[in-house]
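I have placed the structure first, in the form of structure tokens, so that the comments after it can refer back to it.
The values are calculated or read from the model by the stated rules, or taken from the named source; none is laboratory data. Everything quoted here is computed from the prediction, not taken from an experiment. Here the Cβ is made from the backbone with ideal geometry for all residues, glycine too, and neighbour counts use every protein chain on show. Only protein heavy atoms, including side chains, enter the accessible area calculation; ligands, DNA and RNA are left aside. Shrake-Rupley method; radii C 1.70, N 1.55, O 1.52, S 1.80 Å.
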Amino acid sequence: MEETAGWPEPVVRVQSLSESGAATIPDRYVKPVDDRPSPSDCSSSAPASAAAIDGSTVMIPVVDLSSPDAARAVSEACREWGFFQAVNHGVPLELLRRARAAWRGFFLLPLELKQRHGNSPATYEGYGSRLGVERGAVLDWGDYYFLHLRPPSALSPNDKWPLVPPDLREATEEYGREVAALCGRLLSAMSSGLGVGEKRLEEEFGGAEGAGVCVRVNYYPRCPQPELTLGLSSHSDPGGMTVLLADERVRGLQVRARGGGGWVTVGPVADAFIVNVGDQIQVLTNATYRSVEHRVTANADAERMSIATFYNPRSDLPLAPMPELVSPPERPPLYRPMTFDEYRLYIRRKGPRGKSQVESLKADGDR
């Protein structure tokens, strides 16, 4: 436990709860019955890239970015699912392993060393264990580390970066540069699929130099009662695009099936990235591409770590549906303008809450 540092209650590190040996989880982490995962979702064995929902088989889109048909496949996945797995993505595999090893090293440090980097809800930068500032909220079974990488003016200051492991900062910044370049290529593919020109979404993001890049490293410790809680509650990502490097050993990410059905457990493809559309791209494309609701389960047998890179529009630009994708009365603009700075205040205050935020942004006639 630590000082509140702007949080509504003292912060308890989930890793410390896990390592205490307790057979039950505190009430603060017990989810309402309707939000709990099924016991089979909390198994440590990893499935293939297909999952069963109500007896039918659902295939998770896998896109080969080295294929001549990659742009069409990216666009199709964004329209139909809102997420896909990207293989042959061009980011050096050794860099993926370096980033994973550095951050695993950090989370294995003694608690007192990690506590030096405890975060606050003012910026969320640093070592954290909760999202949202509502007193008495039901919490998620996970810790994390959050950093800003781009633009240079927003780079997290030196005191927010861990000094141990010694190669952590270098590996993270190099990893961030490579993944940001990948996001630029994906944004071009998404734009091409809309028929608006491959640089159009990039322009709406404020140009290649205007986009924001931040990273959140998630650490989900073992949980004695994973069927009662979640590692991360259901939500859609508030930003533009998320590129996730999932744990290579333990599954946990679940995506809401098309049509608002059950949950699909994603079986990560080796050395792939899991890419999902964020709320800002849903707004810009007037819901042609839709952000996907997702969550993370806990696990009794093994801890899990993932690295999420968020690629976001310039935070002070008002964003609204692109004019090329609006044609009243058949296709009116679905969302009212808002800057990303204004938009992300919701999740920072309330924490993850399904897709309620982007739905609240709809124009009055479309609610």
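Can you pull the accessible area of residue 24 for me, 1.4 Å probe, Å² to the nearest 10?
Counting only protein heavy atoms, the figure is 90 Å².
Please build a GNM for the chain, connecting alpha carbons under 10 Å apart, and tell me which residue among 213, 74, 326 fluctuates the most.
Result for the chain, Cα springs under 10 Å: 326 fluctuates most.
Pick from 40, 192, 156: which residue has the top mean-square fluctuation in a GNM of the chain where Cα pairs under 10 Å get a spring?
In this elastic network of the chain, the residue with the biggest mean-square fluctuation among 40, 192, 156 is 40.
For labels at residue 302 and residue 338 in the simple 7 Å Cα→Cβ model, what's the distance in nm?
In this crude label model, residue 302 to residue 338 measures out at 3.8 nm.
Taking only DSSP H segments of four or more residues, each worth -39500 (n - 2.57), what value at 222 nm results for the chain once the sum is divided by all its residues, to the nearest 500 deg cm²/dmol? Please report the intermediate quantities before stating the final value.
Details: 10 runs with 90 residues, N = 367.
Rounded to the nearest 500, it is -7000 deg cm²/dmol.
If I histogram all Cα-Cα distances within the chain using bins 20 Å wide from 0, what percent of pairs lands in each bin?
Histogram of Cα-Cα distances, whole percents per bin: 30, 61, 9, 0.
On a 1.4 Å probe surface of the protein chains, which of 295, 104 comes out largest in accessible area, and what is the full order? Show your work: numbers first, answer last.
Details: 295 10, 104 55 Å².
Largest to smallest exposure gives the sequence 104, 295.
Using θ = phi - 60° and the Karplus relation 6.51 cos²θ - 1.76 cosθ + 1.60, list the HN-Hα couplings for segment 238-247 in order, rounded to whole Hz, with x at every Gly or Pro.
x, x, x, 8, 10, 10, 9, 9, 6, 4
Residue by residue, what Karplus-based ³J(HN,Hα) values in Hz, rounded to whole numbers, does segment 9-26 have, using 6.51, -1.76 and 1.60 with θ = phi - 60° and x for Gly and Pro?
So the J values, rounded to whole Hz, are 9, x, 8, 10, 7, 5, 4, 5, 5, 4, 7, 6, x, 5, 8, 10, 9, x.
To the nearest 10 square angstrom, what accessible area does residue 169 show with a 1.4 Å probe?
Solvent-accessible area, nearest 10 Å²: 60 Å².
From the protein chains alone at 1.4 Å, what is the descending order of accessible area for 98, 116, 177, largest first? The partial results should precede the final answer.
Details: 98 65, 116 180, 177 145 Å².
Solvent-accessible surface, decreasing: 116, 177, 98.
For the chain, what are the DSSP H helices with axial Cα length of 27 Å or more and mean Kyte-Doolittle hydropathy of at least -0.5? Walk me through the numbers on the way to the answer.
Values: long enough: 168-194 (38 Å, 0.06).
Membrane-span-like by this criterion, though nothing is claimed about a membrane: 168-194.
State, to one decimal in nm, how far the label point of residue 20 lies from the label point of residue 345, with both points 7 Å from Cα in the Cβ direction.
Label at residue 20, label at residue 345, 3.6 nm between them.
How much of residue 198 can a 1.4 Å solvent probe reach, expressed as accessible area in Å² and rounded to 10?
Looks like 100 Å² after rounding.
So if we plug the beta-carbon distance of residue 111 and residue 326 into 1/(1 + (r/R0)^6) with R0 = 51 Å, what FRET efficiency do we get, rounded to 0.05? Mind dumping the intermediate values first?
Numbers: r = 52 Å, r/R0 = 1.02.
Step by step, r from the Cβ atoms, then E = 0.50.
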